[in-house]
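Single-structure report; data block below.
The values are calculated or read from the model by the stated rules, or taken from the named source; none is laboratory data. These numbers come from a predicted model, not from an experiment. Cβ coordinates were reconstructed from backbone atoms using ideal geometry, including for glycine residues, and neighbour counts include every protein chain displayed. Just the protein is used for accessible areas: all its heavy atoms, side chains included, with ligands, DNA and RNA removed. Shrake-Rupley method; radii C 1.70, N 1.55, O 1.52, S 1.80 Å.
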Amino acid sequence: MEKEKKFKPSKDLPLGFVDRQEKELLTRDFIISNIKEVMIKYGFQYLETPSFEYTDSIGKFLPDKERPDQGVFSFKDEKNWLSLRYDLTAPLARYIAKNYLEIPKPFKRYQLGTVWRNEKPGPGRFREFLQFDADYVGTQNLQADAELCVLISEILERCGLTKDDYTVKISSRRFTKELFDELKIQPGEQSAVTLRALDKLDRLGWEEVRKILTKGREDKSGDFTKGADLNEEQIKVLERKIKEKKPSTSDILEIMKIFEAYNFTNYQYDPSVIRGLEYYTGPIFEVNLNFEVKNSKGKTIQFGSIGGGGRYDNLVNNFGNLDCPATGISIGLDRLVYALMQKKEYNIKSNKPVVICVFNKENIKDYIGILKKLREANISSEVYPGEGNLKKQMQYANKIGSPAVILYGEDEIKYGKPTLRNLKSGEESKIEIENLPNEIKKIL
RNA sequence: GCAGCUGUAGCUCAGUUGGUUAGAGCACUAGUUUGUGGAACUAGGGGUCGGUGGUUCGAGCCCACCCAGCUGUACCA
């Protein structure tokens, strides 16, 4: 008989998607609990919006409106294009526009949610990831911007980072706008290329950036990036101003004054911080980690920022004639988790069950009796859920990281005293059933 | 998108100038031990050699095209 070719489904995950293990999830939970506490303390409302939105509602800034699956995951139902959200800001703007009359002004909300981007993943960057956003809507008061920076710091420090571990960089879109006007850099393409070039300053250095500002730059692989065609005079002024670390715009000066009132010092003014080009209108922030992060192969990677944000006074206005200034900040949680797991070991309790071994199914009542006692005492426990001999059960307990097993076979049942085996030390002792919870707690 | 590199077992990889039935370590399963895990030993399962076509008596190895992944770069709300 001929062997039939069987269809085998792939075990691989789609590019950019990952399975997440318990250790990572518990670290993430820890961060999230810190976030929630801080947000409550700062008086923010908790909000959730759906994963999908109409592409039109959040697609104002998509690269190609005719092909909404570039960059985002989209599909068309009977009538409309729908997209998985690619951030939490665009849905917020939609929410504000929809509920404008009801919400308090100003409106402060925070949100935790998965977002998706249909683009090439990189080290520590995936196509599905968890974001945290905090936003102030309906106020031009720069205290909002300042407080976002303060609040992010408090979250990071609660998570165990010190002031040396991170820096909040601030800058203002107003600075580049005024400077570009002065230098007669054309709005549109030339201005965009110049901004993107300046954004690469910390990674490439001035000499490389300078190439992009003139004719263009060829990278190691031979790829060519078109330049901004600035003249020498423009570049000279640009270099001087961008390296000047003293703020000149009034918004930054005011924010710094507010920082002082908060006694917040862990920030840095850096005019080369650019962020996205599309919607920021005023102050912008970026949160950077200052310690080394390694990839799975132990190689140090350029980690970049773990979050950022800024003022976007016109975004809500796109939905209609709503004058609704806003400012917000977001953190890429998975990246923060990844970095934090390397930074230090958290005392994250991951309680593995005590395993009650089964010698004879006839005695199941005894096993479940012990199980109920342990669970009443809030001890994670289980009667061995599989089938097999004692050796197999021990191997199982060892593999799941169980702290102890309970052996209750013929010999023990005769005297009503189970054997408790500590799996870390290998020690065994016979214990009265009533005392089991207490003895086990000593091991945990 | 562009460029360079790489695709052999679940994972990490070896595979001679093209030559029988494609190997190792780890992992997995079973046993040595039917009441004892982490160690050792023994045995076993697991592969369309990324795909298609070509050259050849013969291809994991050579050629062409395709696909996928990695790295850099571009875009990034």
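The table that follows gives values for the structure above.
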| read-out | value |
| --- | --- |
| By accessible area with a 1.4 Å probe, ligands and nucleic acids excluded, highest first: order of A:D199, A:D19, A:D135 | A:D19, A:D199, A:D135 |
| Within the range A:224-268, trypsin sites (Lys or Arg not before Pro) in DSSP loop having at most 14 other beta-carbon neighbours inside 10 Å | A:K245 |
| Gain in span if fully extended, A:D229 to A:Q268, counting 0.36 nm per residue against the direct Cα distance | 11.0 nm |
| Computed helical MRE - 222 nm, chain A, DSSP H runs ≥ 4 contributing -39500 (n - 2.57), nearest 500 | -10500 deg cm²/dmol |
| Subset of A:K361/A:K442; A:K184/A:K245; A:K343/A:K442; A:K372/A:K414; A:K36/A:K245; A:K361/A:K430 violating a 25 Å alpha-carbon distance limit | A:K361/A:K442; A:K343/A:K442; A:K36/A:K245 |
| Pairwise label distance in nanometres, A:E207 with A:K23, each label 7 Å out on the Cα-Cβ vector | 4.1 nm |
| Area accessible to solvent at A:T89, 1.4 Å probe radius, in Å² | 10 Å² |
| Global form of the range A:64-153, assessed from the alpha-carbon gyration tensor, a/c cut-off 1.5 | oblate |
| Residues of chain A: accessible area per residue with a 1.4 Å probe, Å² | 57 Å² |
| The range A:404-444: trypsin sites (Lys or Arg not before Pro) in DSSP loop, at most 11 other beta carbons within 10 Å | A:K424 |
| Rounded percent of accessible protein surface that carbon and sulfur make up, chain A, 1.4 Å probe | 47 percent |
| Efficiency of FRET from Cβ geometry, A:E376 and A:D323, R₀ 60 Å, rounded to 0.05 | 0.50 |
| Charge tally in the Cβ shell below 12 Å around A:L13, where Lys, Arg are +1 and Asp, Glu are -1, A:L13 excluded | 0 |
| Sparse-neighbour loop sites [GluC sites (Glu not before Pro); the range A:196-248; at most 15 other C-beta within 10 Å; DSSP] | A:E244 |
| Cβ-placed point charges (K, R +1; D, E -1), dipole of chain A about Cα centre in debye, nearest 20 | 960 debye |
| Choice from A:K108, A:K294, A:K399 with maximal GNM fluctuation in chain A (Cα, 10 Å cutoff) | A:K399 |
| Charge sum, other residues only, whose C-beta stays under 14 Å from A:Q395's C-beta, Lys/Arg counted +1 and Asp/Glu -1 | +3 |
